[in-house]
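J.: Right, I'll just put the structure down here and ask away after.
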Amino acid sequence: MHNINGLKKVLFAGIATVILSGGAMAADAGGWGGSPTPPADEAASPWDVAFGVTVTNDYVSRGISQTSGGAAVQPWAELTVGMFYLGYWGSNVDSGFTGGNWEHDLSIGVRPEFGPVSLDIGYVRYIYDTGDCCGEVYVKGEVSPVDPLTLGAHFFYSPDFQTTYTEVNASVGLMEHLSASAAVGFIGNSSADYTTWNAGLTWNPVEPLEIDVRYHWAPSSVANGVQKVVVSASVSSSLRSLGVIR
C-alpha cells in the first residue's frame, strides 16, 4: 500500500485535532443533546430509550461485506442515562464468512460534550450466535467548525487481536433533509493493512425515515472487500419522541 505511514499520520492527526479542540473549549453546552434546559417544574427525564431498524442490500463494515453481498436486516436499541449509554445492535451475517448467522454488538460508553465538540468513548463486544468473538475500545469525536459542516474522527482498538481501525470523516448539509458525507479509514492488521473509503448521500424525507445511498470501496485483494453502491433505509424513534416519557 503506497504511503501508509503518511496516511496513518493524517488519520491520527484528525483524531488529535477533534479531541484536543474539545479540551480547549469551555464546558458550557446546554441540556442533553444540546437542547435548552426546560423549566424546573417540567425538567426532562435524564433517561431515554431509542430504537430502530435498518434494511440494506449489503452489510458492509470497513469495506468488507459481512453478508457476502447479500441483504441484511439490522435492529438496534439504546438506553441513555445522562451522558452514559448501553446499546445493542444486530444483523444477519453470512455464516461462511463469520462463523455464525447473526451478529450481536453490545456497547457501553459515555458521550461528553465540550461546547461544539462531542466525544463518544466506550467499549463494544461482538457476539455471534455460535459464541463470543471479540471486543474493541473506541474513541469518536466530532466538531462543527462552521454550519453546516461537521468533521469527525474515530479510533478503535481490539485488545483480543491487537488491531486498529482509524477513520476521518466529514458531512455537510446540502439542503433541507439532504446531506452528503464521506469517510476514509485505515485498518491496521499488521499482516493485512489496508485503506477503505466511502461516500454518499443521506435523505431524511420525514422524521422517522432515513435513506442512505453510499459507494463503498476496499482493495480487491481483501477477502470480501467491496466496490459497490449500498442502499439502506432506516426507521428510528425514542420513548421521548413518542411522548412516553418527558
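Rule-based calculations on the coordinates, nothing more; no lab input. As the structure is a computational prediction, the values presented were derived from the model and not from experiment. For neighbour counting, all protein chains shown are included, and Cβ atoms are generated from backbone atoms with ideal geometry for every residue, glycine included.
J.: Give me the three principal axis extents of the stretch 123-246 from the C-alpha atoms, as integers in angstrom, largest value leading.
T.: 46, 33, 29
J.: I've got another one for you. Tabulate in residue order the Karplus-calculated ³J(HN,Hα) for the stretch 97-107, using 6.51 cos²θ - 1.76 cosθ + 1.60 with θ = phi - 60°, rounded to whole Hz; enter x for Gly and Pro.
T.: 9, 9, x, x, 9, 9, 9, 10, 10, 10, 10
J.: Now for a separate question. Between the stretch 142-185 and the stretch 99-121, what's the alpha-carbon centroid distance in Å?
T.: One Cα centre to the other: 13 Å.
J.: Another question, then. Given the options Ala182, Asn101, Thr163, identify the residue whose Cα lies farthest towards the positive end of the charge dipole of the stretch 89-210 (+1 on Cβ of Lys, Arg; -1 on Cβ of Asp, Glu).
T.: Thr163
J.: Return the Cα extents of the stretch 172-233 along principal axes one, two and three, sorted largest first, each rounded to a whole Å.
T.: Between the extreme Cα coordinates on each principal axis of the stretch 172-233 lie 45, 19, 16 Å.
J.: In sequence order, what are the phi-derived ³J(HN,Hα) couplings for the stretch 139-153 according to the Karplus relation 6.51 cos²θ - 1.76 cosθ + 1.60 with θ = phi - 60°, rounded to whole Hz, with x for glycine and proline?
T.: The phi angles translate into 9, 10, x, 8, 8, 10, x, 7, 6, x, 8, 10, 10, x, 8 Hz.
J.: Report the net charge of residues surrounding Asn204, where surrounding means a beta-carbon distance below 14 angstrom and charges are Lys +1, Arg +1, Asp -1, Glu -1.
T.: After counting each charged neighbour, the total is -4.
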